1. Any idea how many residues of segment A:30-56 are among the small types (Gly, Ala, Ser) and crowded, with 24+ Cβ neighbours inside 10 Å?
2. Being open to solvent by less than 50 Å² (accessible area, probe 1.4 Å), more than 16 Å from ligand 5 (Cβ to nearest atom), of a type in the set (A, V, I, L, M) and not in a helix (DSSP H, G or I) is true for just one of B:LEU128, B:LEU152. Which residue is that?
3. Restricting segment A:219-251 to residues that are part of a helix (DSSP H, G or I) and under 23 Å from A:ALA4 (Cβ atoms), which is nearest to the chain's Cα centre (by Cα)?
4. When you check A:ARG131 against the structure, is it basic (Lys, Arg), without any contact (Cβ under 8 Å) to a residue 24 or more places away in the chain, away from every other protein chain (no Cβ under 12 Å) and open to solvent by 20 Å² or more (accessible area, probe 1.4 Å), yes or no?
5. Can A:SER12 be described as modelled with pLDDT under 95, away from ligand 2 (no atom under 16 Å from the Cβ), farther than 14 Å from A:GLU236 by Cα and open to solvent by 10 Å² or more (accessible area, probe 1.4 Å)?
6. Please give the number of the condition A:ARG261 fails out of (1) over 30 Å from B:SER265 (Cβ atoms); (2) in contact with a Pro (Cβ under 8 Å, 6 or more places away or on another chain); (3) crowded, with 18+ Cβ neighbours inside 10 Å.
7. Taking the condition more than 8 Å from every other protein chain (Cβ to nearest Cβ), over 14 Å from the mean Cα position of the chain (by Cα) and assigned to a helix (DSSP H, G or I), does B:ARG261 pass?
8. Just to check your reading of the model, which residue among B:ALA39, B:ALA46, B:ALA35 is open to solvent by 20 Å² or more (accessible area, probe 1.4 Å) and either at pLDDT 95 or above or not polar (S, T, N, Q) (or both)?
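The values are calculated or read from the model by the stated rules, or taken from the named source; none is laboratory data. Just so it is clear, the structure is predicted and the values come from calculations on it, not from any experiment. Reconstructed Cβ throughout: ideal geometry from the backbone, glycine too, with neighbour counts over all protein chains shown. Just so you know, the surface numbers come from the protein's heavy atoms only, side chains and all, with ligands and any DNA or RNA stripped out. Shrake-Rupley method; radii C 1.70, N 1.55, O 1.52, S 1.80 Å.
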Amino acid sequence: MTDAILEVRNLSTHFFTDDGEVKAVRDVSFSIAPGETVGIVGESGCGKSVTAMSVMGLVGRPGKVVGGEIMFRGRDLLKLSKEEFRNIRGRDIAMIFQDPLSSMNPVLRVGYQIDEAMYAHDKIPRDQVERRAIDLLAQVRVSDAARRIRQFPHQFSGGMRQRAMIAMGLSNKPDLLIADEPTTALDVTVQAQILELLRDLNEQTGAAIILITHNLGVVAGLCKRVLVMYAGEIVEEGTVEQIFESPQHPYTWSLLRSVPRIDARRGHRLLSIEGLPPDLIDLPQGCKFNPRCPFRVERCFNESPPIEQVAPAQYAACWVTMERAYAEMGAGDIIDTSPGAASGVHPAGRTLPAAEVPAALAEPVGD
Amino acid sequence: MTDTIVAPTAQVTPTVEPLLRVVNVVKHFGAGGGASVKAVDGVSFAIMPGETVGLVGESGCGKSTLGRLITQLIPVSSGEVYLDGVDITKLRGEKLRQQRKQLQMIFQDPYASLDPRMTVGDIIAEPLVNFAMIKGRAKDVRVQELLRTVGLNPYFNNRYPHEFSGGQRQRIGIARALALNPKLIICDEPVSALDVSIQAQIINLLEDLQREFELTYLFIAHDLSVVRHISNRVMVMYLGRICEIAPSEDLYTSQEHPYTRALLSSIPVPDPRIESKRRLVELSGEIPSPLNPPSGCRFHTRCPIAQVPGVCADVEPQLELKGDGHLAACHFSEQVRTKIAIVN
Ligand SMILES: Nc1ncnc2c1ncn2[C@@H]1O[C@H](COP(=O)(O)OP(=O)(O)OP(=O)(O)O)[C@@H](O)[C@H]1O
Ligand SMILES: Nc1ncnc2c1ncn2[C@@H]1O[C@H](COP(=O)(O)OP(=O)(O)OP(=O)(O)O)[C@@H](O)[C@H]1O
Ligand code: SF4
Ligand code: SF4
Ligand SMILES: [Mg+2]
Ligand SMILES: [Mg+2]
């Protein structure tokens, strides 16, 4: 796709720590079309933020982008000078962070901070700046904006601070807005308002949005396309309907069945994902999900599955895929989700990592 | 027709006595200059043995405070808490200690709630030692049994909390809560700090333990989806008061309070088809301060169907029976579903 506004190719970002090399993001590729809304989901530590920080050029020591290209409007951001990068960041690409309090300066008035965000890029003449700050706050539905711009961040509620952050992000009319867990710290009623706001902004300004979250419901409401990350890799990609209705990667499938839904009947048991995500310093051989996967086959232990097309616009990295798991392993009826439960693959002679030992098998004490 | 109920137990079968009965409990925290935070401001409800009752509401509405009042971690300003018919707010010393054994709490933050300098075995054994029930070899056996019960390797008893993941630490907290064979466990946001994939492990564990040990739960969360999944009944709290109590199925299909309806409309469902139809009930304004709650109905400053000026700003609505076991505190509950749309 050449008309993509952002195209990330084979991005790898590692952290060089005393304990070893944390391979946080490995060989990640995706592209974003102008005006598109894309969600990145996955559990804590899977590399969502590091991916975003890499795109923003904000990975600091001990981290380093060790490979790949980040093409923004046809230019590789990784080849730009610091100065050129800074010009793009904040003007063409903006990012809003999870915790609005720690990313705002506590001793500066909110209005001043919005002004600063604009001054930095000189798109707007100085005399219009205050007017624009008020407009922006009003646009993100902070009431009484003319008075509010004179207040300090601690005088704002959590929801209002997040709105102010969004106002800053929007101050230069970016083409791409990266929102990293923008609602995680907020109450559901405030979360819903912020999401409506992002939806409106996308429709009104045409800014593309990358929404990073572990809340699948949030993605279903805002995004048209979804990337699913697991242990530093993209394991599945598809339209929002494909991901939610016919996920092909066992991880995506498990994730969807492990969350309680407000519209589900009571009494059904959640299908939990047993065990823990792998250690990114010492990754398992083969498919990184194999220590937790109920559908794994022998091949999964040795060979890492490439991401391949499984349907129009849908891609998954799995040797089995859910289509086969339903047809051959009765995925529709499984209750036991322990590793290898559906496929029956518990290789002889292989010692299971500690995290993989199902609770029921933890050896009893001889007393 | 609605009946004003006198005792909050009117909603349940009268033949079984409630395990817990909370009557008009109030907690005001001093906030300096004579002001006080009305964290819990007149709350009454009952929980039957073996039941799971969910408690939801926005941040700061008083959920944790209510949990701490029930477990007697903090004293009530006024009101009564009956456990098995005994008002534990009036007990002192040994009698209180004996009753407290029946009540345990699991906390939100599995990192902060475990002492980092103690081994897991000592953490779990602490209540056993404090209540001088068992020690030595018998204690070790019990600790290992508890570890196994919560799905951890019994040999982990000599390790320290930092060696465990969030989900495993929450299991340790649960093992400690189970140590004294309590009847009622107050779960204060036990899965909120956990990763999505780990949440299900803990929710399933809590459900299994309930069946095995006939536990009764008060399950606090801000995530209504989790609460609905695990609870028989759900209570919705707003600014120190309960505004609706209903069987979980009812709460989802028929809300009798505007706040509950707004809360439901805010919860995203992992289904793009449903999401495209869902309509948000936007609440105007910010959550009012518990230092100075609004007059009359405390939701009137944000309620989409409030009659202000008028009865909503003047008269505080009481919890009234609206259906089978379904209570709500709203003057206009019959208009909630007709006037507030949540689907397109
Ligand atoms: N400065 C750092 N030093 C070492 N490792 C790091 C550093 N920053 C991130 N990592 C590691 O990189 C991995 C990916 O982290 P990242 O913050 O991208 O996760 P995430 O998907 O955003 O998770 P969350 O949902 O918790 O925000 C993690 O395992 C993390 O431990
Ligand atoms: N020890 C205290 N002293 C003074 N005020 C307190 C104290 N504990 C709680 N409060 C106040 O009481 C109110 C209710 O707090 P509480 O912690 O019970 O809320 P919550 O519903 O549990 O919120 P959250 O969802 O954020 O955990 C808040 O306004 C809080 O600031
Ligand atoms: S089936 Fe194999 S390749 Fe597919 S997710 Fe499971 S372990 Fe990985
Ligand atoms: S009593 Fe009035 S203000 Fe309160 S919830 Fe009902 S309609 Fe709204
Ligand atoms: Mg992150
Ligand atoms: Mg709380």
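1. Residues that pass the stated criteria total 4.
2. Values: B:LEU128 fails: not in a helix (DSSP H, G or I).
Exactly one residue qualifies, and that residue is B:LEU152.
3. Per the criteria, the residue is A:VAL219.
4. Values: basic (Lys, Arg): yes; without any contact (Cβ under 8 Å) to a residue 24 or more places away in the chain: yes; away from every other protein chain (no Cβ under 12 Å): yes; open to solvent by 20 Å² or more (accessible area, probe 1.4 Å): yes.
The answer is yes for A:ARG131.
5. Numbers: modelled with pLDDT under 95: no; away from ligand 2 (no atom under 16 Å from the Cβ): yes; farther than 14 Å from A:GLU236 by Cα: yes; open to solvent by 10 Å² or more (accessible area, probe 1.4 Å): yes.
It is false that A:SER12 is modelled with pLDDT under 95, away from ligand 2 (no atom under 16 Å from the Cβ), farther than 14 Å from A:GLU236 by Cα and open to solvent by 10 Å² or more (accessible area, probe 1.4 Å).
6. (1)
7. Values: more than 8 Å from every other protein chain (Cβ to nearest Cβ): yes; over 14 Å from the mean Cα position of the chain (by Cα): yes; assigned to a helix (DSSP H, G or I): yes.
For B:ARG261, the condition - more than 8 Å from every other protein chain (Cβ to nearest Cβ), over 14 Å from the mean Cα position of the chain (by Cα) and assigned to a helix (DSSP H, G or I) - is met.
8. Going through B:ALA39, B:ALA46, B:ALA35 in turn, just one is open to solvent by 20 Å² or more (accessible area, probe 1.4 Å) and either at pLDDT 95 or above or not polar (S, T, N, Q) (or both): B:ALA35.
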